[in-house]
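**Q** Take a look at this one; I'll ask things after.
The values are calculated or read from the model by the stated rules, or taken from the named source; none is laboratory data. Note that this is a predicted model, so its numbers are computed, not measured. Positions of Cβ are generated from backbone atoms using ideal geometry, with glycine treated the same way; all protein chains shown enter the neighbour counts. In case anyone asks, the SASA skips ligands and DNA or RNA and just uses the protein heavy atoms, side chains included. Shrake-Rupley method; radii C 1.70, N 1.55, O 1.52, S 1.80 Å.
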Amino acid sequence: MTTTLDKGTGPASGADTGNRRGSHALRWWVLAVLGIAQLMVVLDATIVNIALPAAQADLGFGDADRQWVITGYALAFGSLLLLGGRLSDLFGRRNTFIVGLVGFAVASAIGGAASSFEMLVAARVGQGVFGALLAPAALSLLTVTFTEPGERAKAFGIFGAVAGAGGAIGLLLGGALTEWASWRWAMYVNLIFAAVALIGAVLLLAKHVNTSARPKLDWPGTITVTAALFGIVYGFSHAESHSWTDPTTLAFLLGGAVLLAVFVWIETRVAHPLLPLRIVTDRTRAGSYLTVFIMGIGMFAIFLFLTYYMQLSLQYSPIMTGVAFMPMVFGMVASSTTAPSLLLPKVGPKFVISGGFLVAAAGMVWLTFIGLDSSYVTHILPALILLGLGLGGAMSVAFQGSTAGVQHDDAGVASAMVNTSQQVGGSIGTALLSTIAASAMTDYVSAHEPGPLTMAQGAIESYTTSFWWAAATFVLGAIVVGVLMPNKVPAPAEGELVLAH
C-alpha cells in the first residue's frame, strides 16, 4: 500500500514502494499513542471517584459539594464534544490532538496541586474541556489511519478494549495511588500518560498544512447543541442529587430537549453544519451510537454499585476492589481483539452486538444473586467474565461501525458522536439507577424491623435492583440494535494514513 497523508493533517509524503513496510510498522505505533491518550481520558472518571473521599478529607469540603468534582468534568466534556470533533476536522486532527493532550496535562497538574475545593473543580472543568478536544481527535485519527479491512478490525478491537477496560483500570490505579501515595497522584498520573502520548504524536503524526479554504464553523448550531447537551447532562446530574420532579431538574431536561430539536432544525438549513445529519441517519452508524449509549447506561451499574458492594459489604480495600475487576478487563481485551476480526466478517455487526448485549445481560443477572456473605469466586468472578466478554465484543464493533463510510472531512465529528453518546448514556445511568437503587433500599428498610442487619440487607437490595434494571437495559439494547442495524460489515471511512516521515 502506498502511503499518503490525511489532507486535514499534513502534506503528502511522496512515500513509495520502498518504505511501505516501515509505514506499516508506524501505523501500529500510532495506535499505541492513540490508545494511551484514550486510556487517560477514560480512566479519569473512575480514578477520581476512588480518590474523592481522600480529597474531600484533605481539602475539607462537604458532601453537598462533592458531586461537583464529578459533575464539573461531565458537564464540560459532554457539552463540548461535538464542537471538539468538528474543530479537529477544521484545524487538523494532529493539532487538536496535541492541544488536547497539553491542556489535559496542565489541568491535571493544577488539580493535583489544588489547595481548595474551587481550584479542584476548576481543574476538573479544564480536564473536561480539553478531553472534549482529545477524545474525538484520537478516534478520528484511528479512523483515517487504518482503512485496510483486516488491519482496521484489529486496530478498532484494541482501541475498543482500551475504551472499555479503562474504567476498571482506573479503579485499580486510583486505589493503589490513593492508598500508597496520595489522592493527588490520581491527577498527577495523567502527566505521565500525556507526556508519552505527546512525544509519540510529535514524532509520528504529520504536521497540518492547509490545502484548501477552511469552511466556516456553524456558530448557531455550535451554541445550540452545546447548551442542549449542557442542559441534558446537568438535568440528569441534578436529578440524582435532588429529584426528578424538582423544578430545576425539569427545566434543564426540558430545555435541553427543546434546544436539541432546534439544533436538528438548524443543521438542515446551514451551509456548513456542525453535525451533518447524514452521519446519524445511516443505520450502521446510528446502531453503533445507540450501542455505546446503552453501554453508558448499563456500565454505570457495574462500576458504581459493584464497587460499593465489594468495599462496604465485603470490606474489600480500594486496591482489592480494583484487582477484583481485572477478570472483566481480561474478558474485554479478549473479546475486543477477536470479535471484529473473527466474528464480524462471518456473522455481521447486528449479531455480534446483540449477542454481546445478551452475554452482558446474563452477567448482570448473575450478580443479582449476591448476598451479605457471598463468595467472590462463585458470585462475582463468573459475572465479571461474562460482562467483559459481552461488552468488549459489542463495543469494539460499535466503535468500528460508528465511523464507517464517513466522508473524510466528517471523521472528527462522527468520532465525537461516539463519546457524546457514551457521556449522555452515563449521565442517564447515573441518575436513573441511583434513583432506583435509593428507592429499593427505602422500600426494603421501611418494610422490615430497623437495625444494622436491615440496613445492610437494604443496601444489597439496592444493588441487586440496579443490576436487574441494567440487565433489562442490555436486553432492550440487543432487541433494538437487532432491529435497527443492517447486518453488513462496515465499510472503512474515507481517509488516508496520517504518518509523519
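**Q** Apply the Karplus curve 6.51 cos²θ - 1.76 cosθ + 1.60, θ = phi - 60°, to the phi angles in segment 347-356 and return the couplings in whole Hz, x for Gly and Pro.
**A** 10, x, x, 4, 6, 5, 5, 4, x, x
**Q** Sorted by accessible area with a 1.4 angstrom probe, largest first, how do GLU179, GLU461, GLU151 fall?
**A** Sorted by accessible area, descending: GLU179, GLU461, GLU151.
**Q** Taking a probe of 1.4 angstrom, what is the accessible area of VAL262 in Å², to the nearest 10?
**A** 60
**Q** Tell me which residues come under 5 Å, amide H to amide H, from LEU205 once H is placed; ignore anything under 5 positions away on its chain.
**A** Here the answer is ALA500, since their amide H atoms fall under 5 Å of that of LEU205.
**Q** Can you give the alpha-carbon Rg of segment 234-366 over 2.2 N^0.38 Å, where N counts its residues?
**A** Ratio of Cα Rg to 2.2 N^0.38 Å: 1.41.
**Q** While we're looking at this one, here's another question. Looking at [x] 24.7; [y] 25.5; [z] 22.8, which value of Kirkwood radius over Cα pairs in Å comes from a calculation on the structure shown?
**A** Computed from these coordinates, Kirkwood radius over Cα pairs in Å corresponds to label [z].
**Q** Under 25 Å between C-alpha atoms is the cut-off here; go through the chain and count lysine pairs that meet it, provided they're at least eight residues apart or on different chains.
**A** Final tally of qualifying lysine pairs is 9.
**Q** Can you bin segment 352-471 into rounded, prolate or oblate? Criterion: square roots of the alpha carbon gyration tensor eigenvalues sorted a ≥ b ≥ c, rounded for a/c under 1.5, prolate for a/b above b/c, oblate for the rest.
**A** Taking the square roots of the gyration eigenvalues as a ≥ b ≥ c, segment 352-471 is oblate.
**Q** Tell me, what ³J(HN,Hα) does each residue in segment 115-120 have, in order and in whole Hz, if you take phi through Karplus 6.51 cos²θ - 1.76 cosθ + 1.60 with θ = phi - 60° and put x for Gly and Pro?
**A** Working through the residues one at a time gives 10, 8, 4, 4, 5, 5 Hz.
**Q** For segment 444-484, count the residues as N, evaluate 2.2 N^0.38 Å, and divide the Cα radius of gyration by that value, please.
**A** 1.75
**Q** With Rg and the Kirkwood Rh both taken from Cα atoms, where does Rg over Rh land for segment 294-427?
**A** 1.03
**Q** OK, next. How many percent of the accessible area of the chain is carbon or sulfur, using a 1.4 Å probe?
**A** 70
**Q** Compute the long axis of helix 149-180 from its Cα atoms, compare it with the longest principal axis of the Cα atoms of the chain, and write down the angle in degrees, 0 to 90, nearest 10.
**A** The angle comes out at about 40 degrees.
**Q** Please report the accessible area of LEU253 (heavy atoms, 1.4 Å probe, ligands and nucleic acids excluded) in Å², nearest 10.
**A** Solvent-accessible area, nearest 10 Å²: 40 Å².
**Q** For segment 348-401, what mean projected area does the convex hull of the alpha carbons give, in nm²?
**A** 3.5
**Q** Could you size up the charge dipole of the chain around its Cα centre, putting +1 on the beta carbon of Lys and Arg and -1 on that of Asp and Glu, and report it in debye to the nearest 20?
**A** Working: 22 positive and 24 negative charges, 317 e Å.
The dipole magnitude comes to about 1520 debye.
**Q** What full-extension length gain, to one decimal in nm, is calculated for LEU312 and THR378 as 0.36 nm per residue of separation minus the Cα-Cα distance?
**A** 21.9 nm
**Q** Let me ask you something else. Rounded, prolate or oblate: which one fits segment 93-198, using the alpha carbon gyration tensor with axes a ≥ b ≥ c (rounded when a/c is under 1.5, else prolate when a/b beats b/c, else oblate)? Mind showing how you got there, number by number?
**A** On the way: a/c = 2.92, a/b = 1.64, b/c = 1.78.
The shape class here is oblate.
**Q** Next question, about the same structure. Sorted by accessible area with a 1.4 angstrom probe, largest first, how do THR268, THR307 fall?
**A** Values: THR268 75, THR307 15 Å².
These residues rank, largest area first, as THR268, THR307.
**Q** Size of the dipole of segment 204-303 about the Cα centre, Lys and Arg at +1 and Asp and Glu at -1 on the beta carbon, nothing else charged, in debye to 20?
**A** 540
**Q** For segment 35-40, just list the computed ³J(HN,Hα) in residue order, Karplus coefficients 6.51, -1.76 and 1.60, θ = phi - 60°, integers in Hz, with x standing in for Gly and Pro.
**A** 3J(HN,Hα) across segment 35-40, in whole Hz: x, 4, 5, 5, 4, 4.
**Q** What 222 nm value per residue comes from the helices of the chain, counting each DSSP H run with n ≥ 4 as -39,500 (n - 2.57) and dividing by all residues, nearest 500 deg cm²/dmol?
**A** Working: 17 runs with 370 residues, N = 501.
The helix-only estimate for the chain comes to -25500 deg cm²/dmol at 222 nm.
**Q** Are there any chymotrypsin sites (Phe, Trp or Tyr not before Pro) in segment 288-366 that are in a DSSP loop and have at most 12 other Cβ atoms within 10 Å? List them by number.
**A** On the way: sites: TYR289, PHE293, PHE300, PHE303, PHE305, TYR308, TYR309, TYR316, PHE325, PHE330, PHE351, PHE357, TRP366; in loops: TYR316, PHE325.
When the chymotrypsin sites (Phe, Trp or Tyr not before Pro) of segment 288-366 are filtered for loop state and at most 12 Cβ neighbours within 10 Å, nothing remains.
**Q** From largest accessible area down, sort HIS238, HIS272; use a 1.4 Å probe on the protein chains. If you can, show how the numbers build up before the last one.
**A** Values: HIS238 20, HIS272 90 Å².
Accessible-area ranking of HIS238, HIS272, largest first: HIS272, HIS238.
**Q** At a probe size of 1.4 Å, how large is the accessible area of LYS488, to the nearest 10 Å²?
**A** Taking all protein chains as shown, LYS488 has close to 120 Å².
**Q** Cα centroid distance between segment 369-409 and segment 411-472, in Å?
**A** 18
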